[in-house]
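Here is the structure we will look at, set down as structure tokens.
The values are calculated or read from the model by the stated rules, or taken from the named source; none is laboratory data. All of these numbers come straight from a predicted model, not from anything done at the bench. FYI the Cβ positions are ideal-geometry reconstructions off the backbone, even for glycines, and counts take in every protein chain you see.
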Amino acid sequence: MSKTNSSGKQMSINVIASLVSFFVTMGINFFLTPYLVSSLGTESYGFIGLANNFVQYATIVTSALNSMSGRFISIAYHRNDKEKASRIFSSVLVADLVIAFVMLIVTAIITLYIDVILNVPEHLITDVKITFAITFLTFVISVVTAIFTTATYVKNRIDINSIRDIISNLLKVAVVVGLFVILPAKLYFLAIATLARGVFLLLTNITVKKRILPDVKIDVRKFEFGLVKVLIAAGIWMSLAQLSTVLLSGLDLLICNLTIGAAVMGIFSIAKTIPMSFASLISMLATTFAPHYTILYAKKNIKELINEINFTSKILSLILTVPIAGFIVFGFDFYTLWQPTKTPDEIMMIQILSILTCIQYLFTAHTQCLTMLNSVCNKMKVPVLVALAIGVISTGSVLVILNFFDLGTYGVYIIAGVSSLLMSLRAIIFIPIYSAYLLKQKKTTFYPTMLRGWLTFAVVFVLFMAIGSFVTINSWLSLIAVCIPVGILGYIISIPLLFNKKELSKFKSKLIKR
């Protein structure tokens, strides 16, 4: 088997494994979320999402070192400089241990004063503190885990990550269900289950590294501060990118908590559950393709790299178009069945917030693969500054609007909508042009693929709207009975709209072989 075929086969395995992992996670969230909301209450559920957002804030610091380590190790390894790869790996591990110790102290202080920082109902203060403490401990463990995950990136074995994620999520469910069955319901049960998952991931990632990347040695004596400085210099842009992400979406629950209240924050947290699953899938699939991009770039095969980006972007569009369109059209019926304890007005608020959050994914689904080029080419400065500027504008605009206009609970729509709109504009205007510039291609190089994706979504969405106007959904059975044939029809229509004859032949060949 040729290296190209082997690489293509591995990428197909990676994609399939990532999809399986996603659907397992989705299934868990599907059953777990309404159970948690009904057991804990809407206010309490909102603090689970907010605790995770605080972890997102903390990754601004850690991503400076860890975000680019996989890229540097991979390039050194595939250029047969395994000694350098070992030095990088060992240096990052030592630095991560130091960072983990510092973060443990900082997060302990934040936890102690969390009721001063946030708007926490009196009866939830103790549970919220315990939840944040456990969540932060899980984060500290993940800092140590980070460097070991580079092994699957270097070897282009993202499928191992997916299998690991499936098992770890099943473990998480087993722990949380066991706790709720045995003991009275507590807010921090999910945090405990997530901690168990984090410990499992640490142990399995260490084991996987030993198994698939044994020739990259761990030796603390190989620590080089100079290498750490190089990684931080490259990764500082990833930290700023993370900061821009926080400004665009990571502050939404916090702003809602401080300006509108814990109750609306809980509603918003529910509304973000499904859209964030879409975001996770988009990122997961794009990351799955990244190791292959890195290998092609390291070998300076730019023409094939462009072809792979266009083809994988269309695959991403194919996978996401139908579920996003279906969710927007049939979302109200879904939420009515999924959250039976909510009133029709609350369901409508959840649906509107979900759609506002989803708008950006109509565009980023077609450009996420392109954003991988920033790290592959180690050209982070410009895209990060653009994202950061958009983040500042988004957060600033929201705070100004909420401060000068008394919108009440309607302010949550501003919080959800402004960032989504700005992210959409970034995906449409900046990302494709800058990606073409990185590869020294025409500005319009990637637009034909994007336009096909947007046209496909428009056709599928109109079709779903037309069908939705003729059907009545009042049970899970009727929702499934409608969505399965409609979804199949959507995919049948999407394939010829997205792929040309040559790509369609390639796509069919890949499906048959895999």
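The helices (runs of 4 or more DSSP H) located wholly in the range 422-506 that include 3 or more residues which are among the β-branched types (V, I, T) and either surrounded by 12 or more Cβ atoms within 10 Å (Cβ to Cβ) or modelled with pLDDT of 90 or more (or both) occupy 447-468, 476-498.
Scanning the range 380-415 for residues that are outside any helix (DSSP H, G or I) and under 29 Å from G235 (Cβ atoms) returns a single hit, M380. Is it fair to say V208 is within 29 Å of K129 (Cα to Cα), in a helix (DSSP H, G or I) and not assigned by TED's automatic domain parsing to the domain that holds G396? No: the conditions fail for V208. What is the one condition in (1) within 29 Å of F327 (Cβ to Cβ); (2) crowded, with 22+ Cβ neighbours inside 10 Å; (3) not small (G, A, S) that T294 does not satisfy? Here T294 clears every test but (1). Inspect the range 317-339 for any residue being farther than 27 Å from L50 by Cβ, in contact with a helix residue (DSSP H, G or I) (Cβ under 8 Å, 6 or more places away or on another chain), modelled with pLDDT of 85 or more and hydroxyl-bearing (S, T, Y) and give the result as yes or no. Yes, because at least one residue in the range 317-339 is farther than 27 Å from L50 by Cβ, in contact with a helix residue (DSSP H, G or I) (Cβ under 8 Å, 6 or more places away or on another chain), modelled with pLDDT of 85 or more and hydroxyl-bearing (S, T, Y).
Which of the residues spanning the range 388-398 are surrounded by fewer than 15 Cβ atoms within 10 Å (Cβ to Cβ) and hydrophobic (A, V, I, L, M, F, W, C)? The answer is A389, V392. So, L296, is that one more than 22 Å from A241 (Cα to Cα) and modelled with pLDDT under 85 or not? Criteria met by L296. Of the residues making up the range 328-339, those that are in a helix (DSSP H, G or I) and not aliphatic (A, V, I, L, M) are F330, G331, F332, D333, F334, Y335, T336, W338.
The C-beta contact set for the range 235-247 (first residue more than 18 Å from G396 (Cβ to Cβ), second residue of a type in the set (G, A, S) and not in a helix (DSSP H, G or I), distance under 9 angstrom, 6+ apart or interchain) comprises G235/S67; W237/S67; M238/S67; S239/S67; A241/S67; Q242/S67. Just one of the listed residues (N80, N52) is at pLDDT 75 or above and on the phi > 0 side of the Ramachandran plot, and it is N80. Residue pairs whose Cβ atoms lie under 6 Å apart, sitting 6 or more positions apart in sequence or on different chains, and linking a residue in the range 340-351 that is outside any helix (DSSP H, G or I) to a partner that is of a type outside the set (A, V, I, L, M), are T341/S38. From the residues in the range 468-490 that are among the aliphatic types (A, V, I, L, M) and in contact (Cβ under 8 Å) with a residue 60 or more places away in the chain, which one is farthest from T367 (Cα to Cα)? Top of the filtered list is I473.
What do you reckon, is N29 touching a residue at least 40 places away in the same chain (Cβ under 8 Å), within 19 Å of C256 (Cα to Cα), part of a helix (DSSP H, G or I) and of a type in the set (S, T, N, Q)? Against the criterion (touching a residue at least 40 places away in the same chain (Cβ under 8 Å), within 19 Å of C256 (Cα to Cα), part of a helix (DSSP H, G or I) and of a type in the set (S, T, N, Q)), N29 does not qualify. Within the range 455-502, being farther than 21 Å from I359 by Cβ and either of a type in the set (S, T, N, Q) or in contact with a Cys (Cβ under 6 Å, 6 or more places away or on another chain) (or both) holds for S469, T472, N474, S475, S478, N500. Only one entry in V176, V128, V154 is more than 30 Å from K210 (Cα to Cα), among the β-branched types (V, I, T) and within 23 Å of the chain's Cα centre (by Cα), namely V176. For residues in the range 258-278 being closer than 22 Å to L32 by Cβ and polar (S, T, N, Q), which is surrounded by the fewest Cβ atoms within 10 Å (Cβ to Cβ)? Only one residue fits best here, namely S277.
Does V418 meet the test of being crowded, with 18+ Cβ neighbours inside 10 Å, more than 29 Å from M238 (Cβ to Cβ) and touching a helix residue (DSSP H, G or I) at 6+ places or on another chain (Cβ under 6 Å)? Criteria not met by V418.
Determine whether V220 is over 21 Å from the mean Cα position of the chain (by Cα), farther than 26 Å from H292 by Cα and either of a type in the set (S, T, Y) or surrounded by 15 or more Cβ atoms within 10 Å (Cβ to Cβ) (or both). Judged against the criteria, V220 is not a match. Looking at the range 44-163, the helices (runs of 4 or more DSSP H) lying wholly inside it that each contain 2 or more residues that are outside the structural domain of K381 (by TED's automatic domain parsing), under 20 Å from G235 (Cα atoms) and in contact with a helix residue (DSSP H, G or I) (Cβ under 7 Å, 6 or more places away or on another chain) sit at 69-78, 82-112, 125-145, 150-154. Of the residues making up the range 164-185, those that are touching a residue at least 60 places away in the same chain (Cβ under 8 Å) and either charged (D, E, K, R) or outside the structural domain of V55 (by TED's automatic domain parsing) (or both) are D165, K172.
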